[in-house]
Structures are given as C-alpha cells and as structure tokens.
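Undergrad: Have a look at the structure that comes next, please.
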Amino acid sequence: MKFIPKISLKSDFTIVESTRSWILIRDNCNESHTMSVTNDAENVVSYLNKQNILIGDMLLYSINTDKSVDILKHDGNGNFIGFEFGFDSEDSFYKNIGHGNFIGFEFKLIV
C-alpha cells in the first residue's frame, strides 16, 4: 500500500474548470476568512497533485481576490516553484485560453 501524506490546506478554493492541460481554481479566502491561495500555494499544489488532479505539466491558474489570474508554477511532482502573471481578469483568461470542462468542486478548510 502506498503511503499518501496528509496535506493540511490553510486556504479555501473551488476548481472552476479543467482540461487535460490546465486547471482553473478560484480563491475563496474572502468568503471563508482563510489564508489566500497565494499564501498557501505550496499546500495547494501539493494537495492537488496528491489527489491526482494536478498531473505532470498541467498549468494551474488561480483567480485571485482582485480578479486577476496567475499561474502557480510547479515541478510536476507536487512542488510549488513560483508564480507567473497570467491575465488581468477572468474575462481575459477565457478570451485567450477558452473554456474547459465545468467541475465545480469546492475545497474547504475544515477546522
């Protein structure tokens, strides 16, 4: 049996859409009064990787509280390595990237 370490998320986010090459998440920190995805990026990337949601070289886009969309860069093995500016708005993201498959999974911090 493979041991999968428990990842403690300190943030709250929703998977909005995904394709085989990218995932778009929305930061819910303002509504849930939790840490932002930006400040919990290491745990978010690790969690999505351990759940086999973020696989290999998939891009992980995050809609921030200011509505900009950034890329959470990772090494493909669940390790966060930095941020990259993506788009100034969700609309700009969709105009440039298009739509994927609606997922609507919400990941809440459980205290």
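Just so you know, all these numbers are worked out from the coordinates, no wet-lab data involved. Note that the coordinates shown come from a computational prediction; the quantities given were computed from them, not determined experimentally. Positions of Cβ are backbone-derived with ideal geometry, glycine not excepted, and every protein chain shown enters the neighbour counts.
Undergrad: Out of region 12-42, which residues are free of Cβ contacts under 8 Å to residues at least 24 places away in the same chain and acidic (Asp, Glu)? Show your work before the answer.
TA: Start the filter on region 12-42 by keeping residues that are free of Cβ contacts under 8 Å to residues at least 24 places away in the same chain, which leaves 31, 33.
Listed by number, the list holds a single entry, 31.
Undergrad: Looking only at residues that are within 9 Å of the chain's Cα centre (by Cα) and of a type in the set (D, E, K, R) in region 12-48, which one is farthest from residue 98 (Cα to Cα)?
TA: Looking at the filtered set, the residue picked out is 27.
Undergrad: Let me ask something else. Of all residues in region 35-57, count the ones that are farther than 21 Å from residue 19 by Cα and not small (Gly, Ala, Ser). Give the derivation first.
TA: First, pick out the residues of region 35-57 that are farther than 21 Å from residue 19 by Cα: 35-36, 38-40, 42-43.
Adding the requirement that they be not small (Gly, Ala, Ser) leaves 35, 38-40, 42-43.
Of the residues in region 35-57, 6 are farther than 21 Å from residue 19 by Cα and not small (Gly, Ala, Ser).
Undergrad: Here is a follow-up. Do any strands (runs of 3 or more DSSP E) lying entirely in region 14-95 carry at least 2 residues that are among the β-branched types (Val, Ile, Thr) and buried (at least 19 other Cβ atoms within 10 Å of the Cβ), and which ones are they? Walk me through it before giving the result.
TA: Numbers: elements: 22-27, 59-63, 69-74, 80-87.
Fully inside region 14-95 and qualifying: 22-27.
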